[in-house]
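Participant: Structure in structure tokens, see below.
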Amino acid sequence: MRVDFHSDFKWCIENDFQVYVQPMNNSGYCKIAIRKGGISTDGKPSKYCTEKQITLYSKETLGSVTYKTQKLAAEKLPDVYSYLRKTYGRI
């Protein structure tokens, strides 16, 4: 079965992985960030859920690779979506 960008992206959203490019200190350099729980918390470290009366938490992890531009980092996002799906999900 062939897995493509759109299904990997959708899998990440459905499984509460927010993946984005994070600029580094106005230097122009960037890293890719992954926030587990980021969809539920609207990209914040925590969010109170009034429906369930609980606080939801998320955790950001920065990738180890530094990119010279946001464009170069953004080109790698599909690889990150695929990696997350292969590592944490079933294809």
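The values are calculated or read from the model by the stated rules, or taken from the named source; none is laboratory data. These figures come from a predicted structure and were not determined experimentally. Reconstructed Cβ throughout: ideal geometry from the backbone, glycine too, with neighbour counts over all protein chains shown.
Participant: Any idea which of (1) within 21 Å of residue 9 (Cα to Cα); (2) modelled with pLDDT under 95 is the one residue 27 doesn't satisfy?
Facilitator: (1)
Participant: If I ask for residues that are at pLDDT 95 or above, exposed (fewer than 14 other Cβ atoms within 10 Å of the Cβ) and among the charged types (D, E, K, R), which ones from the stretch 45-70 would you list?
Facilitator: 59, 68
Participant: Residues of the stretch 1-21 being outside any helix (DSSP H, G or I) and either at pLDDT 90 or above or within 17 Å of residue 74 (Cα to Cα) (or both), which ones?
Facilitator: Selection gives 4, 15, 16, 17, 18, 19, 20, 21.
Participant: Please determine whether any residue of the stretch 57-75 is touching a Phe, Trp or Tyr at 6+ places or on another chain (Cβ under 7 Å) and under 19 Å from residue 16 (Cα atoms).
Facilitator: Checking the stretch 57-75: not a single residue is touching a Phe, Trp or Tyr at 6+ places or on another chain (Cβ under 7 Å) and under 19 Å from residue 16 (Cα atoms).
Participant: Quick test for you: out of 85, 90, 35, pick the one residue that is basic (Lys, Arg) and touching a strand residue (DSSP E or B) at 6+ places or on another chain (Cβ under 6 Å).
Facilitator: Matching residue, one of 85, 90, 35: 35.
Participant: Looking at the stretch 10-21, can you tell me whether even one residue there is β-branched (Val, Ile, Thr), under 9 Å from the mean Cα position of the chain (by Cα), farther than 19 Å from residue 86 by Cα and buried (at least 16 other Cβ atoms within 10 Å of the Cβ)?
Facilitator: For the stretch 10-21, residues β-branched (Val, Ile, Thr), under 9 Å from the mean Cα position of the chain (by Cα), farther than 19 Å from residue 86 by Cα and buried (at least 16 other Cβ atoms within 10 Å of the Cβ): present.
Participant: I'd like to know if the stretch 76-86 contains one or more residues that are touching an Asp or Glu at 6+ places or on another chain (Cβ under 9 Å), on the phi < 0 side of the Ramachandran plot, assigned to a loop (DSSP other than H, G, I, E, B) and crowded, with 16+ Cβ neighbours inside 10 Å.
Facilitator: Within the stretch 76-86 (the criterion being touching an Asp or Glu at 6+ places or on another chain (Cβ under 9 Å), on the phi < 0 side of the Ramachandran plot, assigned to a loop (DSSP other than H, G, I, E, B) and crowded, with 16+ Cβ neighbours inside 10 Å), the answer is no, since none of the residues qualifies.
Participant: I'd like the residue in the stretch 23-69 that is assigned to a strand (DSSP E or B) and of a type in the set (Gly, Ala, Ser) and, out of all such residues, is nearest to residue 6 (Cα to Cα).
Facilitator: 33
Participant: Quick check on residue 72: is it more than 15 Å from residue 12 (Cα to Cα) and part of a helix (DSSP H, G or I)?
Facilitator: So residue 72 fits the description; yes.
Participant: Now a separate question. Return the residue satisfying two criteria in turn: it lies in the stretch 22-44 and is small (Gly, Ala, Ser) and without any contact (Cβ under 8 Å) to a residue 24 or more places away in the chain, and of such residues it is surrounded by the most Cβ atoms within 10 Å (Cβ to Cβ).
Facilitator: 38
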